[in-house]
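Undergrad: Once you've had a glance at the structure underneath, I'll fire off some questions.
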Amino acid sequence: MSHHLRVMQHDTHSYVLNSLGSRIAAGDLPESTVLTLTGLEEEYQVSRTVIREAVRVLESHGMLVSRRRVGITVQPITSWDLLDGSVIQWRLAGPERDRQLVELTQLRAGVEPVAARLAAEHASPEQCENLIKLAAMMRSLAEQGRGSSPEFLEADIAFHTVVLEASRSLLLARMAGPIIEVITSFAVVHLRTGAPLARSVTAHAALAHAIQSGDVEAAGEACVVLLAHISEEITQH
């Protein structure tokens, strides 16, 4: 198989997968809807193999179930892998985007302060230095009016990833994926400027210094303040 053909097949698979995932997440294909391989093959005008692959992935996410003599059935949202990056993206692209952002921010409020407190206990000197540098970078970019730039987003993601990793908790670190998705989604849609951004940047710096100083209580409190500012930004839009 040529490289060009493989690329085409990959692109086709991605298109079908993202289309079906988005339609299910948006409620266009509601719970209990029954699909067939033949029907999907005709609708998307692609091979049976591509349809099977897309259905298999969606089954792994809990969004579809295939049964003989029944067909392919859309599952209730309670069955979905709601922390999977793709599922998060599909939901954020749908009509309940704001609700999803709020839910993910609530999740962060339950996870990140705990990680921050543990990071104050366990962070390595290198991780502490990295947090200080990233916070300073975010402040500099914000002061330049570049709070919505790709560089600011990259620093923001790196900062929160380091905090989670510095907790030395594998389960907390596993939450980096969903948290990165919500940071990215919020940054893509909203321009980050003004007082809310300034408070957020200051809170990042306070958290970095608390972790560096090993102050567990201050780290937890700084993280709570930071997430409150982020929540304020979301509810204002």
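Undergrad: When you scan segment 79-93, do you find a residue that is over 30 Å from His160 (Cα atoms) and over 18 Å from the mean Cα position of the chain (by Cα), even just one?
TA: Within segment 79-93 (the criterion being over 30 Å from His160 (Cα atoms) and over 18 Å from the mean Cα position of the chain (by Cα)), the answer is no, since none of the residues qualifies.
Undergrad: Considering only segment 84-119, how many residues are open to solvent by 60 Å² or more (accessible area, probe 1.4 Å) and more than 20 Å from Val224 (Cα to Cα)?
TA: Residues meeting the conditions: 6.
Undergrad: Here are some conditions: (1) modelled with pLDDT of 80 or more; (2) open to solvent by less than 50 Å² (accessible area, probe 1.4 Å); (3) over 18 Å from the mean Cα position of the chain (by Cα). Val225 meets all but one. Which one does it not meet?
TA: (2)
Undergrad: I've got another one for you. Going residue by residue through segment 42-59, is there one that turns out to be among the polar types (S, T, N, Q) and under 29 Å from the mean Cα position of the chain (by Cα)?
TA: no
Undergrad: Give me a count of the residues in segment 87-103 that are of a type outside the set (A, V, I, L, M) and within 13 Å of Gly27 (Cα to Cα).
TA: Qualifying residue count, segment 87-103: 6.
Undergrad: Another question, then. Every residue in segment 37-59 that is hydrophobic (A, V, I, L, M, F, W, C), within 30 Å of Arg174 (Cβ to Cβ) and open to solvent by 30 Å² or more (accessible area, probe 1.4 Å), please.
TA: Listed by number, the list holds a single entry, Val57.
Undergrad: Could you list, ordered by first residue, the pairs with Cβ atoms under 6 Å in which the first is in segment 1-27 and under 20 Å from Arg56 (Cβ atoms) and the second is modelled with pLDDT of 90 or more and of a type in the set (D, E, K, R), at least 6 apart or interchain?
TA: His13/Glu53; Ala25/Arg91
Undergrad: Can you name every residue in segment 172-218 that is over 23 Å from Arg91 (Cα atoms), exposed (fewer than 14 other Cβ atoms within 10 Å of the Cβ) and at pLDDT 85 or above?
TA: Correct list: Ser213, Glu217.
Undergrad: Now a separate question. Being open to solvent by less than 70 Å² (accessible area, probe 1.4 Å) and out of contact with any helix residue (DSSP H, G or I) (no Cβ under 7 Å at 6 or more places or on another chain) is the filter here, so list the residues in segment 60-76 that pass it.
TA: Listed by number, the residues that qualify are Gly71, Thr73, Gln75, Pro76.
Undergrad: Is one or more of the residues making up segment 126-144 out of contact with any Pro (no Cβ under 8 Å at 6 or more places or on another chain), at positive phi and either in contact (Cβ under 8 Å) with a residue 24 or more places away in the chain or surrounded by fewer than 18 Cβ atoms within 10 Å (Cβ to Cβ) (or both)?
TA: no
Undergrad: Moving to a separate point now. If I filter segment 145-174 down to residues being of a type in the set (Asp, Glu) and touching a residue at least 24 places away in the same chain (Cβ under 8 Å), which single residue comes out as nearest to Gln212 (Cα to Cα)?
TA: Applying the filter and picking the extreme gives Glu165.
The values are calculated or read from the model by the stated rules, or taken from the named source; none is laboratory data. Just so you know, these numbers come straight off a predicted model, no measurement behind them. So basically every Cβ, Gly included, is an ideal-geometry build from the backbone, and we count neighbours across all protein chains shown. These area figures cover heavy atoms from the full protein model, side chains too; ligands, DNA and RNA do not enter into them. Shrake-Rupley method; radii C 1.70, N 1.55, O 1.52, S 1.80 Å.
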